[in-house]
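The values are calculated or read from the model by the stated rules, or taken from the named source; none is laboratory data. A quick note: this is a predicted structure, and the numbers were derived from the prediction, not measured. Positions of Cβ are backbone-derived with ideal geometry, glycine not excepted, and every protein chain shown enters the neighbour counts.
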Amino acid sequence: MFDLDQQATTETMVAVQFCSRIAHPIFRLILMSRVTVYSTANCPYCTNVKALLEKWEIAFDEVRIDTDHAAMKKFTEVTRGARTVPQIVIDGNPIGGFSELTEMHMDGELDELMQAE
């Protein structure tokens, strides 16, 4: 027997996997990623973090704090006063910057965290 709920769930999962690889801002808004990267335009570490997340196929939202005053205020609140970028936040919890992200990846903690719901 054909289960409509199972088909809908499967189709939704396929759509989310497809859209999470698309960089278009509208898809990013729809998906509401679990990962947020606070960055600035001329930051090589920010570029490296974004490249690694894309390589690891982890969807993320980028928040540019150099072009948006409200984003800068939110950055300060969310990261508990961090003064450097990039800053990565997963599920609302600040994890740090480039070094912390790569360390979590090498230790397997990032995979565990991203698999948890």
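Being acidic (Asp, Glu) and out of contact with any strand residue (DSSP E or B) (no Cβ under 6 Å at 6 or more places or on another chain) is the requirement here; does residue 68 meet it?
Yes, satisfied.
Taking the stretch 90-117, which residues are charged (D, E, K, R), in a helix (DSSP H, G or I) and exposed (fewer than 12 other Cβ atoms within 10 Å of the Cβ)?
112
Take residue 55 and tell me if it is closer than 19 Å to residue 114 by Cβ, loosely packed, with under 12 Cβ neighbours inside 10 Å, out of contact with any Leu (no Cβ under 7 Å at 6 or more places or on another chain) and free of Cβ contacts under 8 Å to residues at least 24 places away in the same chain.
Against the criterion (closer than 19 Å to residue 114 by Cβ, loosely packed, with under 12 Cβ neighbours inside 10 Å, out of contact with any Leu (no Cβ under 7 Å at 6 or more places or on another chain) and free of Cβ contacts under 8 Å to residues at least 24 places away in the same chain), residue 55 qualifies.
Condition first: at pLDDT 95 or above, assigned to a helix (DSSP H, G or I) and β-branched (Val, Ile, Thr). Can you find one or more residues in the stretch 55-73 that meet it?
For the stretch 55-73, residues at pLDDT 95 or above, assigned to a helix (DSSP H, G or I) and β-branched (Val, Ile, Thr): absent.
Given (1) in a loop (DSSP other than H, G, I, E, B); (2) over 15 Å from residue 44 (Cα atoms), identify the lone condition not met by residue 76.
The failed condition is (1).
Checking the structure you have, find out if any residue of the stretch 75-89 is surrounded by 13 or more Cβ atoms within 10 Å (Cβ to Cβ) and among the charged types (D, E, K, R).
No: zero hits.
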